[in-house]
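Structure first, commentary second.
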Amino acid sequence: MHAPSSPIARRRALVPALSRRSVVAGAAATLASPLVAKAEASEKTISFGLTPVFLTNDLELLTKLKSYLERATGRTVQLVQRRTYEEITALLVSGQLQAAWICGYPFVQYRDRLSLVAVPVWNGKPLYRSYLIIPRDREMTGVEELKGDLHAFSDPNSNSGYLVTAALLARQKLRPEQFFRQTFFTYGHRNVVRAVASGLAQSGSVDGYVWEVMSEIEPELTGRTKVLRKSELLGFPPIACANTEWERDSVPLLKRALLDMRHDPEGLQILDLLRLDGFSSEDARLFDTIAEEMTLVMSLPA
């Protein structure tokens with residue numbers, strides 16, 4: 001199927017599983033847990049959406065996150081999960097979620113309707129990269145040698161798992177389907193790595209944060225791949241809310257809880273599980289480069 005145009009610590013092993021474009025998750029299903037709730041608006045409840053940019057497969061992490069956010073905000077917190085970015089973004093934009101951890105690509109797609117709540121900080125910066133990966137034993141020197149590949153993308157609404165590579169090709173006036181022999185979506189960055197490592201795909205587009213974390217916890221898997229190209233630094237997948245939600249006090253409460261996480265013992269445990277340094281308050285201009293990439297891809301003739 002062709003692609004549509006459309007330091008704290010790093011010590012804990014994360015449980016691999018399948019989910020959508022998660023940090024270390026894949027495509028088969030969302031977590032079946034009481035923590036996964038339907039989105040519903042309530043003045044006493046914060047509905048917080050989690051796309052697969054999040055470590056959705058880790059029950060311990062979800063339990064700790066819910067506990068911390070409820071204590072820090074004084075509100076009941078519902079963690080809402082869906083299989084795709086598109087589903088969570090739709091709930092967010094329509095006001096059915098107070099906030100969600102999304103990707104930079106859908107954030108810039110709905111920039112006129114969304115506001116930044118907080119941005120994760122990784123390796124001291126609110127930034128990450130997209131990686132183009134290939135099998136470990138494949139000898140290559142440049143991206144042009146990927147022409148004709150069977151290529152694995154993560155998600156059509158993923159910046160690192162789709163848009164960055166699409167923009168790279170768009171600079172040559174090419175769409176992915178004109179460059180690669182065939183492409184498919186794995187709906188999980190871990191699944192992109194698995195596809196390339198197993199030979200199911202000859203190359204793949206993956207979140208650099210995910211690949212690096214996986215290199216710590218699943219070195220036998222990432223060790224069967226290698227990075228051919230790293231993108232420029234880009235805004236890390238953010239926590240966002242609909243503009244109208246700033247009128248309620250739940251989002252400011254959530255924002256303060258996220259920013260204070262690095263100063264709280266329970267919060268530090270969560271950050272350790274996430275391999276993050278904390279969360280920061282950033283200007284939306286952090287995502288201008290992603291917006292430029294989107295514009296470039298959209299400017300190509302159909």
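The values are calculated or read from the model by the stated rules, or taken from the named source; none is laboratory data. What you see is a predicted model; the values in this text were computed from it and never measured. Ideal geometry is used to build each Cβ from the backbone, glycine not excepted, and the neighbour counts take in all protein chains shown. SASA here: full protein model, heavy atoms, side chains in, ligands and nucleic acids out. Shrake-Rupley method; radii C 1.70, N 1.55, O 1.52, S 1.80 Å.
So how many residues does the stretch 131-184 have that are polar (S, T, N, Q) and touching a Pro at 6+ places or on another chain (Cβ under 8 Å)?
Of the stretch 131-184, the ones polar (S, T, N, Q) are 141, 154, 157-160, 165, 172, 178, 182-183.
Add one more test, that the residue is touching a Pro at 6+ places or on another chain (Cβ under 8 Å), and what stays is 157, 159, 165, 183.
The total comes to 4.
Quick grid of which residues meet (1) modelled with pLDDT of 90 or more; (2) within 24 Å of L127 (Cβ to Cβ):
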| site | (1), (2) |
| --- | --- |
| P4 | no, no |
| A13 | no, no |
| A41 | no, no |
| F54 | no, yes |
| A72 | yes, no |
| L79 | yes, no |
| R82 | no, no |
| V93 | yes, no |
| C103 | yes, yes |
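Can you name the residue in the stretch 220-269 that is of a type in the set (D, E, K, R) and within 21 Å of M294 (Cα to Cα) and is also most open to solvent (accessible area, probe 1.4 Å) among such residues? If you could, list the steps in order and put the result at the bottom.
Just the residues of the stretch 220-269 that are of a type in the set (D, E, K, R), to begin with: 220, 224, 226, 229-230, 232, 245, 247-249, 255-256, 260, 262, 264, 266.
Filter once more, keeping what is within 21 Å of M294 (Cα to Cα): 229-230, 232.
Working: R229: 65, K230: 111, E232: 68 Å².
Checked the stretch 220-269; the qualifying residue most open to solvent (accessible area, probe 1.4 Å) is K230.
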